[in-house]
C-alpha cells in the first residue's frame, strides 16, 4: 500500500518517497527476521521487533506530514470512512482499492489517462457518510494508511511487551544453554 501510495502521490525523485517505501519495507522485513530469530535468540527477536516498530512509527509520521503539508485534514479514529475501512479488514491492495472506489461513490481514478498520470489529489469528490463535504483520494488513502499504521504500532507495542516479559522470565537460547551446561557439569 505504501509503495502504491508513494508512486501515486509523491514526486518520483522525492527523498520522502524513498524514506516512506524503505520504512514500510523495513517494518515488514524486521518483523519477519525477528520471527525467524526467535528460535535461537529472544534478544535478537526483541531487537528486530523494536526496529520494525520504529520503522512503522517513522512511516506514520511521514503520512501525517503528507496531510499537513498539503493542508489536508487528519481524521480522528471515529471518522465514518475510517470505521468502514477497519470493518472491511482489507488484507490486499485490491481490497483497499475497492474500498477507495466505494468511498468515492463508485469512481476511482485510473493510473493513466490521455494526459498522463491522474492528479487525484486535486480532484475532490463527495464521500458518503463523511463529516467532510468532499475529500481527495490522497486524503482518503493517507488517512486509511494512518489508521492501519496506528493499529500496527499498537499491536507491535503489545508484542514487544510480551517478548520482553518472556525474555525476563525464560531468558533466550544463550541463557537456557548456560543453565543446561551448569546443571550438567559434575560437581567437584
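Tell me yes or no: at least one residue of the range 103-120 is modelled with pLDDT under 80, assigned to a helix (DSSP H, G or I), over 16 Å from the mean Cα position of the chain (by Cα) and buried (at least 17 other Cβ atoms within 10 Å of the Cβ).
Checking the range 103-120: at least one residue is modelled with pLDDT under 80, assigned to a helix (DSSP H, G or I), over 16 Å from the mean Cα position of the chain (by Cα) and buried (at least 17 other Cβ atoms within 10 Å of the Cβ).
Return the residues of the range 141-157 that are in contact with a helix residue (DSSP H, G or I) (Cβ under 6 Å, 6 or more places away or on another chain) and farther than 11 Å from residue 1 by Cβ; say none if nothing qualifies.
146, 147, 152, 153, 156
Criterion first (at pLDDT below 90 and in contact with a helix residue (DSSP H, G or I) (Cβ under 8 Å, 6 or more places away or on another chain)) does residue 137 satisfy it?
When the stated conditions are applied, residue 137 passes them.
Going by the structure shown, is residue 162 within 30 Å of residue 61 (Cα to Cα) and modelled with pLDDT of 75 or more?
When the stated conditions are applied, residue 162 passes them.
Cβ-Cβ distance below 9 Å, separation of 6 or more or different chains: which pairs start in the range 87-115 with a residue that is under 24 Å from residue 149 (Cβ atoms) and end on one that is in a helix (DSSP H, G or I) and modelled with pLDDT under 50?
108/120; 109/120
Looking at residue 187 and the list (1) in a helix (DSSP H, G or I); (2) over 15 Å from the mean Cα position of the chain (by Cα); (3) at pLDDT below 95, which single condition is not satisfied?
The one condition residue 187 does not meet is (1).
What number of residues within the range 47-63 satisfy the criterion of being farther than 22 Å from residue 74 by Cα and surrounded by 20 or more Cβ atoms within 10 Å (Cβ to Cβ)?
3
For the structure I just gave you, tell me whether residue 21 is at pLDDT 95 or above, within 17 Å of residue 157 (Cα to Cα) and in contact with a helix residue (DSSP H, G or I) (Cβ under 9 Å, 6 or more places away or on another chain).
The answer is no for residue 21.
Mind checking which pairs have a first residue in the range 174-188 that is exposed (fewer than 10 other Cβ atoms within 10 Å of the Cβ) and a second that is in a helix (DSSP H, G or I) and at pLDDT 75 or above, Cβ under 7 Å, 6 or more apart or different chains?
Sorted first by the residue in the range 174-188, then by its partner, the list stays empty.
The values are calculated or read from the model by the stated rules, or taken from the named source; none is laboratory data. Owing to the predicted nature of the structure, the values given are computational and were not obtained by experimental measurement. As a convention, Cβ positions derive from the backbone with ideal geometry for all residues, glycine included, and neighbour counts pool all protein chains shown.
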